[in-house]
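K.L.:
If you scroll down you'll find the structure; I have some questions about it.
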Amino acid sequence: MALFLVQHGKSLPKDKDPKKGLSKEGTAETERIAEVARGYQIPVSRIVHSGKTRALQTAEIFGRALKPPQGMEERTGLNPLDDVAVFAATVDSPENAMFVGHLPFMERLTAYLITGFIERPVFKFQNSGIVCLDKDPGTLSWLIKWALMPHIG
């Protein structure tokens, strides 16, 4: 089982869009990363997203590219300040799931799964990027398997 963790694409400021939907740049970057993921044939079974507009729009773009057989679903627990320990207890399943959420939640979740602590960052997310976590078969510990980001540096 792999987890594909995604920070939503870049969004519009609240004064331009109260729901903070994706900006043109955010849409374009997400589409580019989703196409690369499709080219690599990333095996996503389902896409789970927070209820915020920018996460839904990001999930929809990935959904069109990756066509997860179990579709998409909105789920609570992926918002910026939600408890990662509570969420982490629910992610152990045999399927490959993509979770689309927000910072600092995604960085804290990654740190928690790998180190057991949210205070020890292990990866710097970018909008629209994917971080793939997988379990080491020997130790059953989570590790970062690969990352696909819109920008290098």
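The values are calculated or read from the model by the stated rules, or taken from the named source; none is laboratory data. Source: prediction; values computed, not measured. When we count neighbours, we look across all protein chains shown, and the Cβ atoms used for this are built from the backbone with ideal geometry, even at glycine.
K.L.:
Just a yes or no: is a residue in the stretch 115-124 touching a Gly at 6+ places or on another chain (Cβ under 9 Å) and at pLDDT 95 or above?
P.N.:
Initial filter on the stretch 115-124 (touching a Gly at 6+ places or on another chain (Cβ under 9 Å)): none.
Scanning the stretch 115-124, I find no residue that is touching a Gly at 6+ places or on another chain (Cβ under 9 Å) and at pLDDT 95 or above, so the answer is no.
K.L.:
Determine, yes or no, whether Ile118 is part of a loop (DSSP other than H, G, I, E, B) and aliphatic (A, V, I, L, M). Outline the logic, then answer.
P.N.:
Details: part of a loop (DSSP other than H, G, I, E, B): yes; aliphatic (A, V, I, L, M): yes.
So Ile118 passes the test.
K.L.:
Right, another one. Which count do you get for residues in the stretch 11-49 that are in a loop (DSSP other than H, G, I, E, B) and of a type in the set (A, V, I, L, M)?
P.N.:
The number of residues fulfilling the criteria is 3.
K.L.:
Go through (1) over 20 Å from Lys10 (Cα atoms); (2) assigned to a loop (DSSP other than H, G, I, E, B); (3) of a type in the set (A, V, I, L, M) for Ile152 and report which single condition fails.
P.N.:
The single condition Ile152 does not satisfy is (1).
K.L.:
Continuing with this model, one more query. Does the stretch 121-149 hold any residues that are assigned to a loop (DSSP other than H, G, I, E, B), closer than 22 Å to Val36 by Cβ and either in contact with a Leu (Cβ under 6 Å, 6 or more places away or on another chain) or not charged (D, E, K, R) (or both), and which are they?
P.N.:
The initial filter retains those residues of the stretch 121-149 that are assigned to a loop (DSSP other than H, G, I, E, B), namely 121-126, 128-129, 136-141, 149.
From what is left, the residues that are closer than 22 Å to Val36 by Cβ are 123-126, 128-129, 149.
Of everything in the stretch 121-149, those that are assigned to a loop (DSSP other than H, G, I, E, B), closer than 22 Å to Val36 by Cβ and either in contact with a Leu (Cβ under 6 Å, 6 or more places away or on another chain) or not charged (D, E, K, R) (or both) turn out to be Phe123, Phe125, Gln126, Ser128, Gly129, Met149.
K.L.:
Find all pairs meeting these conditions: Cβ atoms under 6 angstrom apart; at least six residues apart or on different chains; first residue within the stretch 99-112 and farther than 15 Å from Gly129 by Cα; second residue outside any helix (DSSP H, G or I).
P.N.:
Taking only residues 6 or more apart or on different chains, the pairs are Arg108/Ile118; Ala111/Ile118; Ala111/Arg120; Ala111/Pro121; Ala111/Val122; Tyr112/Ile118.
K.L.:
Among the candidates Ala55, Ala85, single out the residue that is in a helix (DSSP H, G or I) and either of a type in the set (Lys, Arg) or surrounded by fewer than 19 Cβ atoms within 10 Å (Cβ to Cβ) (or both).
P.N.:
Just one listed residue meets the conditions, Ala85.
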